[in-house]
Amino acid sequence: MPRYLRRIIFAFFLIFFCIAAPTIVLYTAGFRYDFQEGLVTRTGVLSLATLPRGASISLDDVAVDEVTPYIFKHIIPGTYTLGFSKTDYHAWNDEVEIKEGLTTTIRDLLLFKQASPELLFQQDVSRVAPNADGSLVLYTVEEKNERALHLFETTTSKDTTLFTYPTTTDASEMTLDWSAGSSYFLFADLPAKKIAVYDASGTALSSLQEMEAPDYLSWHPSDDRILSAVHEDAIKQLDVSSRSGNKEVLVSAADSTQILLDASILSFVDNGTYTELRQQIGSTQTLIALLPRSAYTIALRQGNYLVLTNDNSGFILLDIAARQPILLEGRGTLFDWLAEESSLLWSDGYELNLYTPSSHTTTFLLRQSDAIEYLAWDPTGHAVLFATSSTLSAFDRAIHATNRQITTLLEGGNLERVWISESGKEGYFFGAINSVTGFYHLPLR
């Protein structure tokens, strides 16, 4: 081979190497040529995961032949329209920004079922009280001058009439309340002197049927067996699991502002300037906090955390074990607690807000014009469910892309009471759809 030809071949391979080697290095490092911008740029990564898995993916309205979970390893930086879709589920769409050399992660994004509500049975009721996991529902029915108490099983649609009695009292004066673990429930119509305690199977606890009518009754906040009865001269605890209905006098001078809390008693005392919150353990009484002067009730309790509400729609969040117990003050009427992360969700009826005690941070979630009448965490903690009088919606807790997404699960109904199952997969409500009033089931996930 002639020398000049060898030199040409050598020069060709040298030039090819000088071009190809950096190109290969840049390519493996995630660099690509951006034809729109006309330059080489470092790509980004998009990691996607949904609940449930198997959702189809689209980018800029173009279907991708992949399903979640999936990782796009080399995407030119920019803003894309991202979409997820799955048969029988609500679609999800939003804009997502991909940045150079960074991984954009969308994980645990909840997709909710697209379904029509199922009428479990048609019935007009005066009061409704579901248990903690939504599987059992107490309700009362008014007919002429009689009131009937029913127990309804949502999973089997079994309806049991527990008793009927004559009454002229208003339904709003009744107490329908489940114990802490939903093993028992209480019915109390104190003006009519009607008190009944049942276990979750609907069996009456006969030893408690003749109990002396107290000023009011309430379940212990954590012990499933204990019912507290406040009388004029004493607060008593009743062990409803005991056949004899054991009674223990806790204090000799009862006060309507005293609340039994585990092994202690909380008292609200008006000193003329403030309302003192005191805690009594045995014979020792301690001042917990000085509160703005008002009448308070415990709206929510989780461990050492208490949410106190007053008559002016105000609330105070306290940690009764902390040196500085008052954590948050605001206006709110609806509350729910995410125990796994110790986060408080609350609403004043129009705004949704989130407070995290560990970081003392408050996050505004949304505001809307229609009054919010129900709110709850999805058990995963990834979404919030809220209802107005006519709609049920799910709201992303996290900003997965550009915005938090609201998914309308039900609209056009008349919702009077809403609750979800412990798993978060089933929704229930009492209300009317197309003028048909009754109990409905709505699949959620």
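The values are calculated or read from the model by the stated rules, or taken from the named source; none is laboratory data. What you are looking at is a predicted structure, and each value in this text was computed from that prediction instead of being measured. Note: ideal-geometry Cβ built from the backbone for every residue, glycine included; neighbour counts use all protein chains shown.
Side notes on the structure shown:
- In the stretch 173-202, the residues that are more than 19 Å from residue 237 (Cβ to Cβ) and without any contact (Cβ under 8 Å) to a residue 24 or more places away in the chain reach residues that are assigned to a loop (DSSP other than H, G, I, E, B) and of a type in the set (Ser, Thr, Tyr) with C-beta atoms within less than 6 angstrom, at least six apart or across chains, in these pairs: 191/169.
- Residue in the stretch 390-404 that is under 26 Å from residue 124 (Cα atoms) and aliphatic (A, V, I, L, M) present: yes
- For the stretch 318-361, the set of residues classified as among the β-branched types (Val, Ile, Thr) and under 27 Å from residue 389 (Cβ atoms) consists of 333 only.
- Considering the stretch 271-360, the qualifying strands (runs of 3 or more DSSP E), each wholly inside and each with 1 or more residues that are closer than 30 Å to residue 405 by Cβ and of a type outside the set (A, V, I, L, M), run over 296-302, 305-310, 314-319, 326-331, 334-338, 343-347, 351-356.
- Filtered residue count, the stretch 299-336, keeping only those that are hydrophobic (A, V, I, L, M, F, W, C) and under 18 Å from the mean Cα position of the chain (by Cα): 7
- Scanning the stretch 101-131 for residues that are of a type in the set (Gly, Ala, Ser), modelled with pLDDT of 85 or more and touching a strand residue (DSSP E or B) at 6+ places or on another chain (Cβ under 7 Å) yields 115, 126, 129.
- Meets criteria (in contact with a Lys or Arg (Cβ under 9 Å, 6 or more places away or on another chain) and surrounded by fewer than 19 Cβ atoms within 10 Å (Cβ to Cβ)) for residue 164: yes
- The lone exception for residue 387 - which of (1) in contact with a strand residue (DSSP E or B) (Cβ under 9 Å, 6 or more places away or on another chain); (2) within 30 Å of residue 321 (Cα to Cα); (3) in contact (Cβ under 8 Å) with a residue 40 or more places away in the chain it fails: (2)
- The residue that is modelled with the lowest pLDDT, among those in the stretch 59-69 that are among the β-branched types (Val, Ile, Thr), surrounded by 12 or more Cβ atoms within 10 Å (Cβ to Cβ) and assigned to a strand (DSSP E or B), is 64.
- Residue 321 being under 27 Å from residue 177 (Cβ atoms), in contact with a strand residue (DSSP E or B) (Cβ under 7 Å, 6 or more places away or on another chain), in contact (Cβ under 8 Å) with a residue 12 or more places away in the chain and surrounded by fewer than 16 Cβ atoms within 10 Å (Cβ to Cβ): no
- Looking only at the stretch 224-240, residues that are in a loop (DSSP other than H, G, I, E, B) and at pLDDT below 80 come to 4 in all.
- Residue check for residue 389: farther than 22 Å from residue 431 by Cα, small (Gly, Ala, Ser) and either modelled with pLDDT under 90 or not in a strand (DSSP E or B) (or both): no
- Test: residue 359 is loosely packed, with under 14 Cβ neighbours inside 10 Å and over 13 Å from the mean Cα position of the chain (by Cα): yes
- Cβ pairs under 7 Å, 6+ apart, first in the stretch 274-296 and in contact (Cβ under 8 Å) with a residue 24 or more places away in the chain and of a type in the set (Lys, Arg), second crowded, with 17+ Cβ neighbours inside 10 Å and part of a strand (DSSP E or B): none
For every residue, the table says whether it meets (1) in contact with an Asp or Glu (Cβ under 7 Å, 6 or more places away or on another chain); (2) over 21 Å from residue 441 (Cβ atoms).
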{"residue": "144", "(1), (2)": "no, yes"}
{"residue": "156", "(1), (2)": "no, no"}
{"residue": "160", "(1), (2)": "no, no"}
{"residue": "225", "(1), (2)": "yes, yes"}
